[in-house]
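The values are calculated or read from the model by the stated rules, or taken from the named source; none is laboratory data. Keep in mind it's a predicted model, so treat the numbers as computed, not measured. Note: ideal-geometry Cβ built from the backbone for every residue, glycine included; neighbour counts use all protein chains shown.
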Amino acid sequence: MDEKDINIQSNQTEQDLDEETLFVVSQTFKALGDKTRIRILHLLFQKECSVNEIADILDLRQSTVSHQLRFLKNVRLVKYRRAGTTIYYSHDDEHVINVLEQMIAHARHT
Ligand SMILES: [Zn+2]
């Protein structure tokens with residue numbers, strides 16, 4: 001059992017969350033609490049995109065997209081790779097995809 005497993009196990013028996021976990025969870029919900037960021041993430045769950053592509057598909061200004069991508073990168077929800085002069089963004093976390101998909105299903109069910 002490595003250190004990560006031990007931490008997960010000990011967390012399950014705690015009655016309160018530790019400060020670092022609380023911080024990350026609240027920051028992540030904050031990141032998800034914005035319509036434009038939700039649209040960008042939802043798109044990036046489906047495919048890797050450049051800033052231009054995101055701006056085109058979602059009909060947003062490039063400066064808006066860049067600003068929101070920086071925010072999402074800071075909370076580790078997106079990552080990027082460079083190919084020549086183009087930077088491609090993609091999502092960086094399966095857990096958050098699941099949360100967002102659950103939320104979308106929740107919004108749509110009756
Ligand atoms: Zn529901």
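Summary table
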quantity: Qualifying residue in region 27-36 (condition: within 16 Å of the ligand (Cβ to nearest atom) and surrounded by fewer than 16 Cβ atoms within 10 Å (Cβ to Cβ)); calculated: no
quantity: Subset tally (residues that are touching a strand residue (DSSP E or B) at 6+ places or on another chain (Cβ under 8 Å), part of a helix (DSSP H, G or I) and buried (at least 16 other Cβ atoms within 10 Å of the Cβ)) for region 68-96; calculated: 2
quantity: Residues that are β-branched (Val, Ile, Thr) and modelled with pLDDT under 95, drawn from region 22-77; calculated: VAL24, VAL25, THR28, VAL75
quantity: Members of region 45-62 found to be among the polar types (S, T, N, Q) and either in contact with a helix residue (DSSP H, G or I) (Cβ under 8 Å, 6 or more places away or on another chain) or within 21 Å of ASN98 (Cα to Cα) (or both), listed by number; calculated: GLN46, ASN52, GLN62
quantity: Selection from region 42-62 of residues that are outside any helix (DSSP H, G or I) and touching a Phe, Trp or Tyr at 6+ places or on another chain (Cβ under 8 Å); calculated: GLU48, CYS49, SER50
quantity: Exclusive hit being part of a helix (DSSP H, G or I), within 16 Å of the ligand (Cβ to nearest atom) and either of a type outside the set (Lys, Arg) or under 13 Å from the mean Cα position of the chain (by Cα) (or both), set VAL99, VAL65; calculated: VAL99
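For every residue, the table says whether it meets (1) β-branched (Val, Ile, Thr); (2) within 20 Å of LYS30 (Cβ to Cβ); (3) touching a residue at least 24 places away in the same chain (Cβ under 8 Å).
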site: GLU48; (1), (2), (3): no, no, yes
site: GLU53; (1), (2), (3): no, no, no
site: ILE87; (1), (2), (3): yes, no, yes
site: HIS91; (1), (2), (3): no, yes, yes
site: MET103; (1), (2), (3): no, yes, yes
